[in-house]
Amino acid sequence: MTQTLILASNNAGKLREFAELLSPLGFDLKPQRDFDVPEAEEPHATFVENALTKARHAARLTGLPALADDSGVCVNALGGAPGVYSARYAGEPKSDARNNAKLIQDLKAHADKSAYYYCVLVYVRHADDPQPVIADGRWDGEIVDAPRGQGGFGYDPFFLLPELGRTVAELDAEEKNRRSHRGQALRQLVEKLR
Ligand SMILES: O=c1nc[nH]c2c1ncn2[C@H]1C[C@H](O)[C@@H](COP(=O)(O)OP(=O)(O)OP(=O)(O)O)O1
Ligand SMILES: [Mg+2]
């Protein structure tokens, strides 16, 4: 049975990755923009609250089940920043290029370059679902100061996987999905939905 699911995101990179991960499982994933859902506010200091807010917003406006992702890169030497504020680290409007430039600048004086990607997914069956399904994933790496690779999105060209000697932007889509915070969280979510 094909189930229509709204992806409560306007991020093209996330949309591509969720489509790759979910289409083999028989979900018909539709981006919220297909239903003219405007971007939700993300006022909270936690990933889970923002993801729940985004999922409810899309479910409310479409009348369909919705999946939201709130994610970011957490840098240990920066006390976990940019973290939940990753998308707007360098201010408005959102810009991957300016965010990456700021991150490299802020990390210059620090020897510890360790970081991790974190992703929370929230699935709601409808806007007032009292039992949202929540999953998360974490992916460890290091921030490098020169970009490498063309794949992925966001911070990927600067996120090195030391055990592979490659940045995330140097992985193909399948390998990123197999390893990523988002892939881990989605597999956990699907387990919970069974
Ligand atoms: O796999 C990833 N590879 C690279 N960068 C990533 C990844 N996963 C999250 N990130 C970064 C992008 C953005 O700076 C922030 C997410 O912010 P976040 O608010 O969750 O998403 P968003 O505003 O881009 O789209 P939306 O809220 O519509 O889903 O973390
Ligand atoms: Mg956002």
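The values are calculated or read from the model by the stated rules, or taken from the named source; none is laboratory data. Everything numeric in this text was worked out from a predicted model, so none of it was measured. With ideal geometry, Cβ positions are generated from the backbone for all residues, glycine too; neighbour counts draw on all protein chains shown.
Taking the range 83-95 only, how many residues are within 16 Å of Val48 (Cα to Cα) and buried (at least 16 other Cβ atoms within 10 Å of the Cβ)?
Total satisfying the criteria: 4.
Return the pairs, sorted by first residue and then second, in which the second residue is modelled with pLDDT under 95 and part of a helix (DSSP H, G or I), the first residue lies in the range 100-113 and is over 10 Å from Ala90 (Cβ atoms), the beta carbons are less than 6 Å apart, and the residues are 6+ apart or on different chains.
none
Within the range 148-194, which residues are in contact with a Gly (Cβ under 8 Å, 6 or more places away or on another chain) and among the aromatic types (Phe, Trp, Tyr)?
Phe153, Phe159
Within the range 1-40, restricting attention to residues that are of a type in the set (A, V, I, L, M) and part of a strand (DSSP E or B), which residue is nearest to ligand 2 (Cβ to nearest atom)?
Leu7
Filter the range 28-61 down to the residues that are over 14 Å from the mean Cα position of the chain (by Cα), crowded, with 20+ Cβ neighbours inside 10 Å and either farther than 22 Å from Tyr118 by Cα or more than 8 Å from ligand 1 (Cβ to nearest atom) (or both) and list them by number.
Answer for the range 28-61, where residues must be over 14 Å from the mean Cα position of the chain (by Cα), crowded, with 20+ Cβ neighbours inside 10 Å and either farther than 22 Å from Tyr118 by Cα or more than 8 Å from ligand 1 (Cβ to nearest atom) (or both): Gln32, Val37, Arg56, His57, Ala58, Ala59.
When you scan the range 64-86, how many residues do you find that are over 19 Å from the mean Cα position of the chain (by Cα) and aliphatic (A, V, I, L, M)?
Counting residues in the range 64-86 that are over 19 Å from the mean Cα position of the chain (by Cα) and aliphatic (A, V, I, L, M) gives 3.
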